[in-house]
Amino acid sequence: MAQLTFNFTAACSYQSEDFVVTPSNQEAFSWVTQSTPWTQNTLLLIGPQYSGKTHLATIFQKLFSAVFISQKDLQIYQEDFHSHETPFILDSLDFQASEEPLLHLYNGCREKQRQLLLTAETHPAEWKIKLPDLASRLMAIPYTTIQSPDDALIRGILLKKFSDFQLSISETVLDYLLTHIERSYLGIQETVHSLNEASLAEHKKITLPLVKKILNL
């Protein structure tokens, strides 16, 4: 069986062409990449860990020259807001940000009609927000959700993850993984990492016996 070989040099590729679009994430992809402004100029992208939220946010960044803001820098952008004209991205919110600076950032984006993309694993209804004004605003934000992975997305993610590790995988091994791994984004991530570590430790390619060993099958 011929090997599928990849030549990615980056540890993790966030290129637009590497984002696999299937029914599981089509709606989220369409929302993030649409050219027309969102309602309230704000969008919340919800999805499980490792579901591609940061990848989608990076695609948005490149499309619209957006700026990633770290939660610890919210105060800086609040104080220097008027010097920035590009859209903002606040990745992995869930909710650890300082509430008052976030409220001012949100209000500033609405006032200046500047787009703000937020990403999180859960909906604001599950966050313990103390400021009533912030809670009401976050609850009103339009949101889109990345759903559980379908077969096509699992296959695409497996290929991308192995590519990121510059690993070769046969169609036989890929087909076996599709029917035996945990069908979650975290499960895919952990499986690929375990196979990479085993391949390095044993100086072996990713073979069916190695896969069965790692999966305890």
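The values are calculated or read from the model by the stated rules, or taken from the named source; none is laboratory data. Fair warning: this is a prediction, and the values are worked out from it, not measured in the lab. Every residue, glycine as well, gets a Cβ built from its backbone with ideal geometry; the counts of neighbours run over all protein chains shown.
Okay, residues lined up against (1) within 30 Å of Ile154 (Cβ to Cβ); (2) surrounded by 13 or more Cβ atoms within 10 Å (Cβ to Cβ); (3) at pLDDT below 90; (4) not assigned by TED's automatic domain parsing to the domain that holds His193:
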{"position": "Thr39", "(1), (2), (3), (4)": "no, no, yes, yes"}
{"position": "Ala66", "(1), (2), (3), (4)": "yes, yes, no, yes"}
{"position": "Ser70", "(1), (2), (3), (4)": "no, no, yes, yes"}
{"position": "Glu79", "(1), (2), (3), (4)": "no, no, yes, yes"}
{"position": "Asp133", "(1), (2), (3), (4)": "no, yes, no, yes"}
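Residue-wise test of (1) in contact with a Ser or Thr (Cβ under 9 Å, 6 or more places away or on another chain); (2) of a type in the set (D, E, K, R).
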site	(1), (2)
Leu103	no, no
Leu118	yes, no
His123	yes, no
Pro132	no, no
Gly156	yes, no
Ser163	yes, no
Glu171	no, yes
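Scanning the range 166-217 for residues that are within 15 Å of Gly156 (Cα to Cα), crowded, with 16+ Cβ neighbours inside 10 Å and over 25 Å from the mean Cα position of the chain (by Cα) yields Ser170, Val173, Tyr176. Just one of the listed residues (Glu190, Glu202, Glu182) is over 18 Å from Pro149 (Cβ atoms) and of a type outside the set (S, T, N, Q), and it is Glu202. Would a scan of the range 162-169 turn up a residue that is under 30 Å from Arg110 (Cβ atoms) and among the β-branched types (Val, Ile, Thr)? Within the range 162-169, none of the residues are under 30 Å from Arg110 (Cβ atoms) and among the β-branched types (Val, Ile, Thr). Examine the range 30-43 for a residue that is of a type in the set (Gly, Ala, Ser) and in a helix (DSSP H, G or I), and state whether such a residue exists. Yes; the residues of the range 30-43 include at least one that is of a type in the set (Gly, Ala, Ser) and in a helix (DSSP H, G or I).
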